[in-house]
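Chemist: This structure is in structure tokens; I'll ask about it shortly.
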């Protein structure tokens, strides 16, 4: 059984050999064993020769959130998704497929969600949400990383009416706030919006309001 690069499918072949020399190869109509086929396809996915379109940046952020949950909340006993875990997940996604075409649009998240128990899933979005609702009613996206705190990125106008500090996980995980200009370029990264409005905003308001006169400036 091999992965045929020309057909991009896992196929079963019969070989006639003399010692280590292959004399003849014949394809067969046999269906490859499901598990072995998944392992071969997963190898191609990891090598980048087969693309899972469902494996997006949002999936990568989900994996990062799982690993953050494991690190910041050890009492939940979440298993982090290591390189070996990622390979196992990809193989599980490949299960039941025999070719690249079958994998192209195969859903990814149902398999990934099974990594967590029902109890862990129940608190996942509560402890480490993708977005949070701020005091002014706006929903802002949170970006997670393996090596640093979560970061909330928002334009100045989206932060009007919001002060103080942010924390996730019932106050356990401090959040950095990346304040953006109207062109989405960072102005400052802070952990205290009250200090930003008091110390930094008066210095940048005049320049930014001249540069972006159509935006609201308070």
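Chemist: Translational D (Stokes-Einstein, µm²/s) of the stretch 133-211 at 37 °C and 0.692 mPa s when Rh comes from the Kirkwood sum over C-alpha pairs?
Modeler: Estimated diffusion coefficient is 251 µm²/s.
Chemist: So what's the angle, to the nearest 10 degrees on a 0 to 90 scale, between helix 118-127 and the longest Cα principal axis of the chain?
Modeler: 30
Chemist: For a quick check: sort 20, 126 by the number of other beta carbons within 10 angstrom, fewest at the front.
Modeler: 20, 126
Chemist: Something else: Sorting 43, 86 on the 10 Å Cβ count, fewest up front, what's the list?
Modeler: With the sparsest Cβ surroundings first, the list reads 86, 43.
Chemist: At a 10 Å Cβ-Cβ cut-off, how would you order 11, 2, 66, fewest neighbours first?
Modeler: 2, 11, 66
Chemist: Using helices alone, what [θ] at 222 nm do you get for the chain, with -39,500 (n - 2.57) per DSSP H run of 4 or more residues, divided over all residues and rounded to the nearest 500?
Modeler: -9500 deg cm²/dmol
Chemist: Taking Cα atoms, how many degrees apart are the long axis of helix 201-211 and the longest axis of the chain, rounded to 10 and kept between 0 and 90?
Modeler: Roughly 70 degrees, rounded to the nearest 10.
Chemist: With a cut-off of 8 Å between alpha carbons and a minimum separation of six or more residues, what is the relative contact order of the chain in percent?
Modeler: Computed over the chain, the figure is 13 percent.
Chemist: Compute the acute angle (0 to 90°) between the alpha-carbon long axis of helix 57-72 and the principal axis of greatest extent of the alpha-carbon atoms of the chain; round to the nearest 10°.
Modeler: Between the helix axis and the principal axis of the chain, the angle is about 70 degrees.
Chemist: Per residue Cα convex hull volume for the chain, in cubic angstrom?
Modeler: So the per-residue hull volume is 181 Å³.
All of the numbers you see were taken from the coordinates with simple rules; none came from a lab. Because the structure is predicted, anything quoted here is derived from the model rather than measured. When we count neighbours, we look across all protein chains shown, and the Cβ atoms used for this are built from the backbone with ideal geometry, even at glycine.
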